[in-house]
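The values are calculated or read from the model by the stated rules, or taken from the named source; none is laboratory data. This one's a predicted model, so the numbers in the text were calculated from it and none came from an experiment. Cβ placement follows ideal geometry from the backbone for every residue including glycine, while neighbour counts extend to all protein chains displayed. Ligands, DNA and RNA are stripped out before the accessible areas are found, and what is left, the full protein with its side chains, is counted by its heavy atoms. Shrake-Rupley method; radii C 1.70, N 1.55, O 1.52, S 1.80 Å.
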Amino acid sequence: MARIAFATWRAQPEITTDDRLAIEPLRDRGIDVESIPWSSTAAEWTRFDAVVLRSCWDYHVRVRAFVDWLENLEASEVRVVNSLPIVRWNLDKRYLQELGQCGFSIEPTVWLEPGGPLELGVLLDRQGWDEAVIKPVVSASAYGTWRVTRRSGADDQLRLERMLNRGVVMAQRLNPAIRTAGEWSFVFLGGEYSHAVLKTPAPNEFRVQEKLGGIVRAAEPPSQMVREAEQVIAAIAGDAVYARVDGVVDGTRLTVMEIELIEPSLFLGFSPDSPIRFANGLAAALSSGA
């Protein structure tokens, strides 16, 4: 049996309910899985044929420690899935600039550097936005993500200034389609499109995460949107064992909100054959040495 570690996090060290669906298909392919929090000081990572980044859901608040851990794995010649170049690229949301330069549609974004004077009202007026979403460039699970409007006051201004003291911040137009039509997640396994889910926020909310009241359901996206998501993955992460493109259907185009290549939920429970596709992708990566 090959042995792989699913890297989790200390608050939830066990394999998630969703990822557990892949355990039997992996075992059928001669692959045994063990879960270990990525920050464990007792783990012997070299015992494994690969370390698969799964529910490392605190990496964004311990990013320096997370990067150090990845570099230690690399120095020990431990295979990491997804590969380290992909993970490094995906750590900072400024990758969206590259996507835009490649011709893909991204949400209008202003990148705010520490130390620069900025007033929220001036920013919104300058961009012609009624609402915007503020978030750090290293973030996950809606961490540090909040909404501002033209009526935002001194408290929001102070909050932004505190964030800028810690690093680069991004301000994005709040796309109204998220509230009305929801956000799509296109899941790719083994380099191929697998399935999609549609996520809608709770009333009076703009964030779609389930922990914030968002609803996730299996849905069949427009074929053109699937093709656009496929083009995104082919351009920037064609060799990813797993990937997720999150976006909003904006007219006739897919507006990309995020590319999830580190530790995304793959929504395996929403597509009966997806655990097998996930297992096939991991098995192929192990056999090829990718």
The condition of being over 18 Å from the mean Cα position of the chain (by Cα), free of Cβ contacts under 8 Å to residues at least 60 places away in the same chain, open to solvent by less than 30 Å² (accessible area, probe 1.4 Å) and within 17 Å of residue 120 (Cβ to Cβ) holds, among 158, 164, only for 164
Residue set 210, 205; condition open to solvent by less than 60 Å² (accessible area, probe 1.4 Å), at pLDDT below 90, over 19 Å from residue 99 (Cα atoms) and acidic (Asp, Glu); output residue 205
Which numbered condition residue 108 fails, given (1) open to solvent by 30 Å² or more (accessible area, probe 1.4 Å); (2) within 15 Å of the chain's Cα centre (by Cα); (3) of a type outside the set (Phe, Trp, Tyr)
(2)
If I filter segment 42-53 for residues that are surrounded by 13 or more Cβ atoms within 10 Å (Cβ to Cβ), of a type in the set (Asp, Glu) and on the phi < 0 side of the Ramachandran plot, do I get at least one hit?
yes
Of residues in segment 79-126 being more than 22 Å from residue 178 (Cα to Cα) and assigned to a strand (DSSP E or B), the one modelled with the lowest pLDDT
112
Within segment 183-200, track down each residue that is open to solvent by 40 Å² or more (accessible area, probe 1.4 Å) and of a type in the set (Val, Ile, Thr).
200
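Let's see how each residue does on (1) open to solvent by 40 Å² or more (accessible area, probe 1.4 Å); (2) not polar (S, T, N, Q):
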{"residue": "67", "(1), (2)": "no, yes"}
{"residue": "76", "(1), (2)": "yes, no"}
{"residue": "122", "(1), (2)": "yes, yes"}
{"residue": "133", "(1), (2)": "no, yes"}
Of (1) open to solvent by less than 20 Å² (accessible area, probe 1.4 Å); (2) free of Cβ contacts under 8 Å to residues at least 40 places away in the same chain; (3) hydroxyl-bearing (Ser, Thr, Tyr), residue 180 satisfies every one except (1)
Scan segment 213-223 for residues that are touching a Ser or Thr at 6+ places or on another chain (Cβ under 7 Å) and open to solvent by less than 40 Å² (accessible area, probe 1.4 Å) and jot them down.
214
Listed by first then second residue, the pairs whose first member lies in segment 1-22 and is within 16 Å of residue 266 (Cβ to Cβ) and in contact (Cβ under 8 Å) with a residue 24 or more places away in the chain, whose partner is in a loop (DSSP other than H, G, I, E, B) and among the β-branched types (Val, Ile, Thr), with beta carbons under 9 Å and at least 6 positions apart or on separate chains, are 6/15; 6/16; 8/15; 8/16; 22/15
So in segment 232-277, with the set limited to residues that are in contact with a Cys (Cβ under 8 Å, 6 or more places away or on another chain) and open to solvent by less than 20 Å² (accessible area, probe 1.4 Å), which one is farthest from residue 89 (Cα to Cα)?
263
